[in-house]
Amino acid sequence: MPVLPLAEAIASYVHDGESVALEGFTHLIPFAAGHEIIRQQRRDLHLIRMTPDLIFDQMIGMGCAARLSFSWGGNPGVGSLHRLRDAVESQWPRPLALSEFTHAEMAVAYTAGASGLPCALMRHYAPTDLERIAGTSIKTLSCPFTGASLAAVPAINPDVTILHAQQIDAAGNVLIQGIVGAAKEAAMAARRVLVTVEEQVERLPPAINAVVLPAWVITAASIVPGGAYPSYAHGYYPRDNGFYLAWDEIARERATFTRWMQQHVLAVPDHAALLRKVGVAA
């Protein structure tokens, strides 16, 4: 498992037209990797994430995405994702196909993918409008044992899953602490796994309620301090709530969005330079 510069990892393992999951729940959101995908102008991606927030707003607005599979989308605690809305409502900068699920459906779909199963089963609860949305492909069936109504959710198997984590050890094992979300399942379901980490250590410390991804799961890793900013990394730095508030105005209009992305992502060589530009020490 190689440890590579992030630009080299993205160039080698993320290709146009692929399905790419970027997970991380409330923290450890892989902003640095998403920005590198934007810099390298990947196109026609099928983006997958349980809770699309600012990084997907940026990737969609910069024309990276052709499809989005998700279970909730918004600027947490603030409001809408304006670039996501513009893509859906006005096809700018390009049309965006949607596959919308519930949180539970996304979770079991990742689990099925990680288990080598074609689908996951869950109880079929009260009908919702999601069942009428094209692209979700949820099927209902009767349990052969009890006759209960079940929902069959197609497995999610991303071409690439990208995560941010706290540490990688000398053997290539990766430590995720704090809220883990669907990180483990998304990694195990993927054909390739890229991880950015805060630091490399000789040995991972024992940790309660943490996930350790073994080296054999990881395709490549990159050392990117601050790689989750403006989200937070448990034990390393807090969430920049001010940026989430500011993003609502930045992204509201196409011109202000494009100008910010040009200045802060396209015009800088890497995430460290972005952090310096916004006055954050990695």
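The values are calculated or read from the model by the stated rules, or taken from the named source; none is laboratory data. Since the model is a prediction, treat every value here as computed from it, not as a measurement. Virtual Cβ from ideal backbone geometry, glycine too; neighbours counted across all protein chains shown.
Numbers below:
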| item | result |
| --- | --- |
| Selection within segment 125-164 - among the β-branched types (Val, Ile, Thr) and under 17 Å from Ala97 (Cα atoms) | Ile133, Thr136, Ile138, Ile156 |
| Output for segment 130-164, where each listed residue is farther than 17 Å from Leu117 by Cβ, out of contact with any strand residue (DSSP E or B) (no Cβ under 9 Å at 6 or more places or on another chain) and assigned to a loop (DSSP other than H, G, I, E, B) | Phe145, Thr146, Gly147 |
| Any hit, segment 122-134, residues being among the small types (Gly, Ala, Ser), more than 21 Å from Ser69 (Cα to Cα) and either surrounded by 14 or more Cβ atoms within 10 Å (Cβ to Cβ) or touching a Leu at 6+ places or on another chain (Cβ under 9 Å) (or both) | no |
| Filter result for Glu202 (within 25 Å of Leu47 (Cα to Cα), of a type outside the set (A, V, I, L, M) and either modelled with pLDDT of 95 or more or out of contact with any helix residue (DSSP H, G or I) (no Cβ under 9 Å at 6 or more places or on another chain) (or both)) | no |
| Unique residue being under 22 Å from Gly181 (Cα atoms) and of a type in the set (Lys, Arg) when the list is Arg123, Arg83 | Arg123 |
| Tabulated pairs, segment 1-13, first in contact (Cβ under 8 Å) with a residue 12 or more places away in the chain and surrounded by 14 or more Cβ atoms within 10 Å (Cβ to Cβ), second outside any helix (DSSP H, G or I) and small (Gly, Ala, Ser), C-beta under 6 angstrom, 6+ apart or interchain | Met1/Gly172; Val3/Ala221; Leu4/Ala220; Leu4/Ser222; Leu6/Ser222; Ala9/Ala220; Ala9/Ser222 |
| Selected residue (only one of Leu84, Leu54, Leu68 is crowded, with 18+ Cβ neighbours inside 10 Å and in contact (Cβ under 8 Å) with a residue 40 or more places away in the chain) | Leu54 |
| Pairs where the first residue, in segment 134-163, is farther than 15 Å from Ala190 by Cβ and touching a residue at least 24 places away in the same chain (Cβ under 8 Å) and the second is of a type in the set (A, V, I, L, M) and in a loop (DSSP other than H, G, I, E, B), C-beta under 9 Å, 6+ apart | Ala151/Ile138; Ala152/Ile138; Val153/Ile138; Pro154/Ile138 |
| Residue list for segment 1-37, restricted to those being under 22 Å from Leu266 (Cβ atoms), in a loop (DSSP other than H, G, I, E, B), among the hydrophobic types (A, V, I, L, M, F, W, C) and out of contact with any strand residue (DSSP E or B) (no Cβ under 6 Å at 6 or more places or on another chain) | Ile29 |
| Qualifying residue in segment 74-86 (condition: in contact with a helix residue (DSSP H, G or I) (Cβ under 9 Å, 6 or more places away or on another chain), over 25 Å from Asp240 (Cβ atoms) and at pLDDT 95 or above) | no |
| Among the residues listed as Phe31, Phe25, the single one being at pLDDT below 95 and touching a Ser or Thr at 6+ places or on another chain (Cβ under 9 Å) | Phe25 |
| Candidates Val280, Val268, filtered to the one that is outside any helix (DSSP H, G or I), at pLDDT 95 or above, of a type in the set (Val, Ile, Thr) and under 28 Å from Val3 (Cα atoms) | Val268 |
| One residue from Ser19, Ser12 being within 26 Å of Val108 (Cα to Cα), among the hydroxyl-bearing types (Ser, Thr, Tyr) and at pLDDT 95 or above | Ser19 |
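Here's the yes/no breakdown for (1) of a type in the set (A, V, I, L, M, F, W, C); (2) assigned to a loop (DSSP other than H, G, I, E, B); (3) within 23 Å of Gly34 (Cβ to Cβ):
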position	(1), (2), (3)
Met59	yes, no, yes
Ala66	yes, no, yes
Ala87	yes, no, yes
Ser99	no, no, yes
Tyr110	no, no, yes
Leu121	yes, no, no
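Matching residues to (1) touching a Leu at 6+ places or on another chain (Cβ under 7 Å); (2) under 25 Å from Glu36 (Cβ atoms); (3) of a type in the set (Asp, Glu):
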{"residue": "Ile138", "(1), (2), (3)": "no, no, no"}
{"residue": "Thr146", "(1), (2), (3)": "no, no, no"}
{"residue": "Gln167", "(1), (2), (3)": "yes, yes, no"}
{"residue": "Leu194", "(1), (2), (3)": "no, yes, no"}
{"residue": "Glu199", "(1), (2), (3)": "no, yes, yes"}
{"residue": "Ala210", "(1), (2), (3)": "yes, no, no"}
{"residue": "Trp216", "(1), (2), (3)": "no, yes, no"}
